[in-house]
1. Any residue in the stretch 109-118 that is out of contact with any strand residue (DSSP E or B) (no Cβ under 9 Å at 6 or more places or on another chain) and without any contact (Cβ under 8 Å) to a residue 24 or more places away in the chain?
2. Can you report the number of residues in the stretch 209-241 which are under 24 Å from the mean Cα position of the chain (by Cα) and part of a helix (DSSP H, G or I)?
3. Does N187 satisfy being within 18 Å of E100 (Cα to Cα), surrounded by fewer than 14 Cβ atoms within 10 Å (Cβ to Cβ), in contact with a strand residue (DSSP E or B) (Cβ under 7 Å, 6 or more places away or on another chain) and not small (G, A, S)?
4. Select the strands (runs of 3 or more DSSP E) contained entirely in the stretch 131-189, then report the ones holding at least 2 residues which are of a type in the set (S, T, N, Q).
5. Among the residues of the stretch 197-243, which ones are within 30 Å of L5 (Cβ to Cβ) and without any contact (Cβ under 8 Å) to a residue 60 or more places away in the chain?
6. Of the numbered conditions (1) aliphatic (A, V, I, L, M); (2) surrounded by 16 or more Cβ atoms within 10 Å (Cβ to Cβ); (3) closer than 23 Å to P138 by Cβ, A205 satisfies every one except a single condition; which is it?
7. Which one is most open to solvent (accessible area, probe 1.4 Å) among residues in the stretch 167-184 that are among the charged types (D, E, K, R) and farther than 22 Å from L129 by Cβ?
8. Evaluate the following for E222: is it open to solvent by less than 30 Å² (accessible area, probe 1.4 Å) and among the charged types (D, E, K, R)?
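The values are calculated or read from the model by the stated rules, or taken from the named source; none is laboratory data. What you are looking at is a predicted structure, and each value in this text was computed from that prediction instead of being measured. As a convention, Cβ positions derive from the backbone with ideal geometry for all residues, glycine included, and neighbour counts pool all protein chains shown. We work out accessible area using only protein heavy atoms, side chains counted, and drop any ligands, DNA or RNA first. Shrake-Rupley method; radii C 1.70, N 1.55, O 1.52, S 1.80 Å.
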Amino acid sequence: MMRSLWTAASGMIGQQFNIDTISNNLANVNTTGFKQVRAEFDDLIYQTIRTAGTPATEHTIVPTGVQVGHGVKAAATQRMFTQGSLQETGNVFDVAIQGEGFFRVMLIDGTFGYTRDGSFKIDSNAQLLNSQGYRVMPELIMPEGFIRETLTITQDGRVTVKVPGNDDPIQIGQIEIYRFINPAGLNAIGENIFKVTNASGDAIAGRPGYDGMGSLIHRFLEMSNVSVVREMVNMIVAQRAYELNSKAIQTSDNMLGIATGLKR
């Protein structure tokens, strides 16, 4: 059977994976804190028919070899942690990170998750939570009777608010953020949350605005960093590559048809 059939088939499978990745990017174009994912590929094993450097005569060698490739495979999905645009919301519990870093939340199993989504809320106990109800860590609880509109989060993470009977705002907590040596190695589990892996390294805690940490922007949210134009161009390229690989399969099939038609 012709190699090109399987080679082109691997190309179609690879471009289908590419389209899957692009589709997920486009689906999350309005997801708070979402980071674009890029599909990366490796070429498959080569069949060596003649090795370069093989002696040709007593005094010469073959300058180039003969190798035939067998297609492509998906090698990795690289998450691009570039800064997304900041959108003003006016919500007192919204906060965006400008620069490097993640918020930490406690998941239902007691482990920690990390997110760029700062669309926080409070529960009936006045405790700060994310949209899925996970507690923001370190814990932050609003004082009884706090005046909602006086809540302020500074760029370095200090949280202050006014309470009845006190004209001066009081500091009720400090928001910490966390960074990683290799954030691309984090494991995405959905709900805008990442978990630590051996590839990402352990979380490095810090105060916003110091020691390489990003700063906080109150009443703003970080939007997705997906570029719709770039993703549409990538989709066109992937579609054409898929089409070309299908043409290679059709051409191989026609060649086989010619070969089988020689005997009549």
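1. Yes, the conditions are met somewhere in the stretch 109-118.
2. The total comes to 13.
3. yes
4. Hits in the stretch 131-189: 170-174.
5. V233, I236, V237, R240, E243
6. (2)
7. D167
8. yes
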